[in-house]
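All of the numbers you see were taken from the coordinates with simple rules; none came from a lab. Just so it is clear, the structure is predicted and the values come from calculations on it, not from any experiment. Methodologically, a virtual Cβ is constructed for each residue, glycine included, from the backbone with ideal geometry; neighbour enumeration extends over all protein chains shown.
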Amino acid sequence: MKKIILLSAIALFLSTTIGCEKDEEKSKYPPCMQEQIDAYMANNPTPPTNPASIKKYSCDGKIVYVYEMPHIIDAGFTVVDKDCNIICGSNGLTGKSNCKFELKYIETVWKDNRKK
C-alpha cells in the first residue's frame with residue numbers, strides 16, 4: 001500500500017512539474033501568438049531544417065515580438081506587439097524591411113525544438 005501511495009505521489013509531482021514548465025513557456029509570449037504556433041505546427045508535421053521561432057525584443061521602452069520563419073524563403077520576419085498587431089516586417093526575398101527602429105534582443109520565447 002505504501003508503494004502505491006509513493007508511486008501516486010511521484011506521478012502527481014511529475015505531472016504538475018511538467019505542466020508548469022509548459023505553462024511557464026506559454027506565459028513568455030502573449031496568448032494571441034499561440035494561434036501562429038499551432039498553424040505552424042499543423043503546416044509542418046515534420047520539423048523543417050530551419051525551424052521557426054518567436055523572439056522577444058525591446059523597442060523604445062515597449063516589448064515587441066518577432067516571428068522568424070526561415071524555412072519559408074519569402075517569409076522574412078514580422079514584428080508584432082503584445083496583441084499581435086503587426087508593427088513592421090521584412091520581405092524574405094528582397095530582404096527589405098519597413099522597420100524604422102532599433103530592436104534590442106531580450107530572449108527567444110519559443111522555438112520549434114522537435115528533432116527530425
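Assorted remarks:
- Chain lengthening between TYR57 and ALA42 when straightened (0.36 nm per residue, less Cα-Cα): 2.8 nm
- Remark: TYR105, TYR67 ranked as TYR105, TYR67, counting other beta-carbon atoms within 10 Å and listing the fewest first.
- Likely footprinting exposure, ASP112, ASP38, fewest C-beta neighbours within 10 Å first: ASP38, ASP112
- For GLU68, net neighbour charge (Lys/Arg +1, Asp/Glu -1) across residues whose Cβ lies under 11 Å away: +1
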